[in-house]
Structures are given as C-alpha cells and as structure tokens.
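The values are calculated or read from the model by the stated rules, or taken from the named source; none is laboratory data. Here the structure is a predicted model, which means the values were calculated and not measured. Here the Cβ is made from the backbone with ideal geometry for all residues, glycine too, and neighbour counts use every protein chain on show.
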C-alpha cells in the first residue's frame, strides 16, 4: 500500500515549477509597482511642465490675438502717416509698414516658441528613471540580478 504520509512530505518540498511561479509572481508584482511609480513620476513631470509653460502660452496667445486685432488699424494708420510724411504713394507705404510689422510679429512668436521648446526638459527625470528601471528588468530576465 502507498504511504500517504511519505507522499505528502514529498509534495511539501518546493518544486522547480513552484519556485519559478513564486519568482515570476514576485517579479510581476515588482513590475506593476515600478509601472505605478513611473506613472506617478510622469504625471508629476507633466504637471510641472504645464505650470512652467503657462506664462509662455499666455504671452503667445495674447500676442497673436493683439496682432490680429490691431493689424488692420495699425497698418492703415502707419501707411497713411508714411505716405503723408515721405510723399510716397499710399500702396508703397502700406506695403512697407505691413512688412515691418509682420517682422515684429514673427519675432514675438519666435520668442514664445523658443520658450515653449524648453518645456520638454521637464521629462528628463522620468526618462532617466525609466531607463534605470528598464535596465533592471533586463538584468532580472537575464539572470544577472539577485532577485
């Protein structure tokens, strides 16, 4: 007859499949924790980037709206003044003033865009941590890590 006590003792020892399942479970749990932390870090960086870019966005928006609202009046007034003072024909004065004010507007928008392009630096911390975490996961899968 089969010795039931002896068989139950044999099954109490951890099998390689059970050890693998336990290790895989722990690793999966670690990966989920890591993903959660990475998400929180990304959210914090995004919030910081939005806060720092709000002034530049606001200035760009005000600049664009002001430019659109004032352009016709300024162009016609300045062109009329140039035509009167220099004795030019009206259409030449209008082209000259329009070109000059367009250059100023382009410069304002360029300054705002340059300021906005720096907001991506906020995500440097997230990317560094993601790279470290990815390297850790590769080490665990390759067996170079103790866990």
What are the residue pairs meeting all of these: first residue in segment 135-147, first residue closer than 18 Å to residue 22 by Cβ, second residue part of a loop (DSSP other than H, G, I, E, B) and at pLDDT below 75, Cβ atoms under 8 Å, and 6 or more apart or on different chains?
140/147
Of (1) in contact with a helix residue (DSSP H, G or I) (Cβ under 9 Å, 6 or more places away or on another chain); (2) farther than 30 Å from residue 138 by Cβ, residue 58 satisfies all except one. Which?
(1)
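Yes/no per residue for (1) under 13 Å from residue 122 (Cβ atoms); (2) touching a residue at least 24 places away in the same chain (Cβ under 8 Å); (3) not in a helix (DSSP H, G or I):
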{"site": "39", "(1), (2), (3)": "no, no, no"}
{"site": "43", "(1), (2), (3)": "yes, no, no"}
{"site": "48", "(1), (2), (3)": "yes, yes, no"}
{"site": "52", "(1), (2), (3)": "yes, yes, no"}
{"site": "57", "(1), (2), (3)": "no, yes, no"}
{"site": "62", "(1), (2), (3)": "no, no, no"}
{"site": "72", "(1), (2), (3)": "no, no, no"}
{"site": "80", "(1), (2), (3)": "no, no, no"}
Quick one: residue 31 ticks every box in (1) under 30 Å from residue 136 (Cα atoms); (2) surrounded by 13 or more Cβ atoms within 10 Å (Cβ to Cβ); (3) within 20 Å of the chain's Cα centre (by Cα) bar one, so which box is it?
(3)
